[in-house]
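The values are calculated or read from the model by the stated rules, or taken from the named source; none is laboratory data. It should be emphasised that the depicted structure is a prediction, and the values quoted were computed from it without experimental measurement. Every residue, glycine among them, receives a Cβ derived from its backbone with ideal geometry; neighbour counts consider all protein chains shown. Note: areas computed on protein heavy atoms with side chains; ligands, DNA, RNA excluded. Shrake-Rupley method; radii C 1.70, N 1.55, O 1.52, S 1.80 Å.
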Amino acid sequence: MANKSFGQKLLGVWNTRTIVTVAIGAALFGVLMNYGGIPVFTNTSLTTAMIVPVVVGAMYGPLPAFVAAGVGNVIADLIGGWGLWFDWSVGNAVAALFVGLLPIYGAYITDGVFEVKHAVIYAICCVIGNAVAFGVVTPILTAVFYGSDLNVTFLQAIAASLGNIAVEVVIGIPILFILAKRYKSRSNLEEDE
Amino acid sequence: MNNRLVINYTPGPTMLHRLTGFTKVFLFIAMTVAIIATYDIRILIPLFLINLAEMISMKPNYKPIVIMFAITFVTVTLLGNVMLFLVSPDVGFNNIGVTNMLWQGSGRLYLTKEFLWYCLVIFVKRTASFASVMAFALATTPSEFASGLNKVGLPYKVCTIVSLAYRTIPDIANDFINIRNSMMMRGVELSKKASLWKRLKNTVLILVPLIFTAFGKVGNIANAMDLRGYGKHRKRTWYAEHETSKWDTIIRILAVILLAAAVYYIIRYRIIDPWPARIWCPWADPNEIVSVNQIDTVFFMKWFKK
């Protein structure tokens, strides 16, 4: 990861491995969206699906994370059957773009690099990403496409962002540390071309 | 768990099932554009009925569809409208432009005829959208979906992502349920007995093995695809895309007409000569309608204005 150019870090390298990773990420996103909620009150749950773009982003960069979250959300909507909500799909994808920025600021999980300062930047990115996605993108699309009331949309968006940020920070950071440790223990091996 | 998945993995026997992937995807896109384009209940109800007829013609297993519809109805429509009533009772006026008071409670609690009309229109719009998604999901297998998307113009690598993700969902769902059950057997508490903080921390214990099993398959799948020459050429053909039949031609022509009508509707009635308010309403006189800028209705906008 460290020796790649900025563009490659941002866009990812689209070989077969990346495609399969993004596809599995999208499937995992769909499954977690449908089954992986953490019950909070009756009828409300925190979705753990936003962990997927964090992991995909850590391995391949923000654009693969974006695609994984976008495709994953569309698929989750199709199998969950509550109708396609492009406003929320696009919002989730934009949030994924921000949380997947890890390689840009030097957190190379696949090389085993993830330190406390990266965790702090990661948390800030989560907050910014959710604010942009659910504070700007989703309400605009909702107003244009579906005509939902903007006040209700904003309340839902605030609830969704707080839930996402909680999941991304409280669950995401330990998972990133575990992943980095796991990759570090293998990093003295070299792939033979 | 399997009851909850409507998606087919093998093509079914009816006419709509036998269409090519491109026809299905194109019809779905045209339908979605049409449903998004309009707030006019006189157009939305026919669109809903078309999709309902499509669904019925495929003779589906109704149980999961009814369960899903019931869940969506309770959470989105019932709870959503109660919340809407408490948060912005003036939404009817904002979208329709006139007010006929039905019941006046104290302060911000009041019910107007337009509020009910707004709820009805949005409900019909959502139900039409639900029916179109259901009809599409029932008719389409993952490979057909991918081949159709490719023919619509998406790069084939994205299409592979879609079909591969679809195909792996049952596997990953099984893994997820197995891991969760075995973790629960070891005493990891995930129900409401544990505190929220504890539940969040326990979720990490499930997600870590799930992520490793799921992404552990990547190497095998990617190598298998590489060995079969995946991604060598700029284009690819699809098993699922078979010859077009007579019905394909008919449905494609109908879909083109639908799409053209939707685009014409947007240009004619939403841009050139729009109805003064967003939602058409039978008792609203166009001359009395007060049009409201939706942005001004947001609660925090008044903090920026004096």
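The table that follows gives values for the structure above.
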{"item": "Listing of helices (runs of 4 or more DSSP H) fully contained in the stretch A:83-193 that carry 2 or more residues being more than 18 Å from A:ALA49 (Cα to Cα)", "result": "A:116-132, A:138-145, A:150-166, A:172-184"}
{"item": "Filtered residue count, the stretch B:187-213, keeping only those that are within 7 Å of chain A (Cβ to nearest Cβ), without any contact (Cβ under 8 Å) to a residue 12 or more places away in the chain and either closer than 22 Å to A:VAL52 by Cβ or open to solvent by less than 60 Å² (accessible area, probe 1.4 Å) (or both)", "result": "7"}
{"item": "Among (1) more than 8 Å from chain A (Cβ to nearest Cβ); (2) over 30 Å from B:PHE215 (Cα atoms); (3) without any contact (Cβ under 8 Å) to a residue 60 or more places away in the chain, the one test that B:ASN100 misses", "result": "(3)"}
{"item": "Test: residue in the stretch B:140-149 that is open to solvent by 50 Å² or more (accessible area, probe 1.4 Å) and either at pLDDT below 80 or in contact with an Asp or Glu (Cβ under 8 Å, 6 or more places away or on another chain) (or both)", "result": "no"}
{"item": "Complete set of residues in the stretch B:96-113 that are open to solvent by 20 Å² or more (accessible area, probe 1.4 Å) and outside any loop (DSSP other than H, G, I, E, B)", "result": "B:MET101, B:LEU102, B:TRP103, B:GLN104, B:TYR110, B:LEU111, B:LYS113"}
{"item": "Residue among A:ILE79, A:ILE38, A:ILE75 that is at pLDDT 80 or above and of a type outside the set (Gly, Ala, Ser)", "result": "A:ILE75"}
{"item": "Options B:LEU254, B:LEU207: the member that is outside the structural domain of B:LEU27 (by TED's automatic domain parsing), of a type in the set (A, V, I, L, M) and touching a helix residue (DSSP H, G or I) at 6+ places or on another chain (Cβ under 9 Å)", "result": "B:LEU207"}
{"item": "Odd one out for B:ASN220, checked against (1) assigned by TED's automatic domain parsing to the domain that holds B:ASP175; (2) in contact (Cβ under 8 Å) with a residue 12 or more places away in the chain; (3) assigned to a helix (DSSP H, G or I)", "result": "(2)"}
{"item": "Residue within the stretch B:187-196 that is of a type outside the set (A, V, I, L, M) and assigned to a helix (DSSP H, G or I) present", "result": "no"}
{"item": "Filter result for B:LEU116 (within 30 Å of B:PRO46 (Cβ to Cβ) and surrounded by fewer than 17 Cβ atoms within 10 Å (Cβ to Cβ))", "result": "yes"}
{"item": "Checking B:THR140 against (1) farther than 17 Å from A:ALA76 by Cβ; (2) touching a Lys or Arg at 6+ places or on another chain (Cβ under 8 Å); (3) of a type outside the set (Phe, Trp, Tyr), the condition it does not meet", "result": "(1)"}
{"item": "Flag for B:VAL124 being more than 11 Å from every other protein chain (Cβ to nearest Cβ), of a type outside the set (Phe, Trp, Tyr) and not in a helix (DSSP H, G or I)", "result": "no"}
{"item": "Those residues of the stretch B:81-95 which are surrounded by 15 or more Cβ atoms within 10 Å (Cβ to Cβ), part of a helix (DSSP H, G or I) and within 11 Å of chain A (Cβ to nearest Cβ), in sequence order", "result": "B:ASN81, B:MET83, B:LEU84, B:PHE85, B:VAL87, B:VAL91, B:GLY92, B:ASN94, B:ASN95"}
{"item": "Selection from the stretch B:54-77 of residues that are of a type outside the set (Ser, Thr, Tyr) and loosely packed, with under 12 Cβ neighbours inside 10 Å", "result": "B:ILE56, B:ASN61, B:LYS63, B:VAL66, B:ALA70"}
{"item": "Residues located in the stretch B:214-248, provided they are open to solvent by less than 30 Å² (accessible area, probe 1.4 Å) and more than 10 Å from chain A (Cβ to nearest Cβ)", "result": "B:ALA240, B:ASP248"}
{"item": "Members of the stretch B:279-295 found to be closer than 20 Å to A:VAL144 by Cα and open to solvent by less than 60 Å² (accessible area, probe 1.4 Å), listed by number", "result": "B:ILE279, B:TRP280, B:CYS281, B:VAL292, B:GLN294"}
{"item": "Qualifying residue in the stretch B:162-181 (condition: out of contact with any Phe, Trp or Tyr (no Cβ under 8 Å at 6 or more places or on another chain), more than 12 Å from chain A (Cβ to nearest Cβ) and among the acidic types (Asp, Glu))", "result": "no"}
{"item": "Any hit, the stretch B:11-18, residues being open to solvent by 50 Å² or more (accessible area, probe 1.4 Å), assigned to a helix (DSSP H, G or I) and assigned by TED's automatic domain parsing to the domain that holds B:LEU109", "result": "no"}
{"item": "Yes/no for B:GLU288 being at pLDDT 80 or above and of a type in the set (D, E, K, R)", "result": "no"}
{"item": "Filter result for the condition that a residue is modelled with pLDDT of 90 or more and in a helix (DSSP H, G or I), over B:ARG180, B:ARG199, B:ARG252", "result": "B:ARG252"}
{"item": "Options B:ALA135, B:ALA131: the member that is part of a helix (DSSP H, G or I) and within 9 Å of chain A (Cβ to nearest Cβ)", "result": "B:ALA131"}
{"item": "Residue count, the stretch A:117-140 (criterion: open to solvent by 10 Å² or more (accessible area, probe 1.4 Å) and within 11 Å of chain B (Cβ to nearest Cβ))", "result": "2"}
{"item": "Qualifying residue in the stretch B:104-112 (condition: basic (Lys, Arg) and without any contact (Cβ under 8 Å) to a residue 24 or more places away in the chain)", "result": "yes"}
{"item": "Filtered residue count, the stretch A:141-160, keeping only those that are open to solvent by less than 20 Å² (accessible area, probe 1.4 Å) and within 29 Å of B:LEU205 (Cβ to Cβ)", "result": "0"}
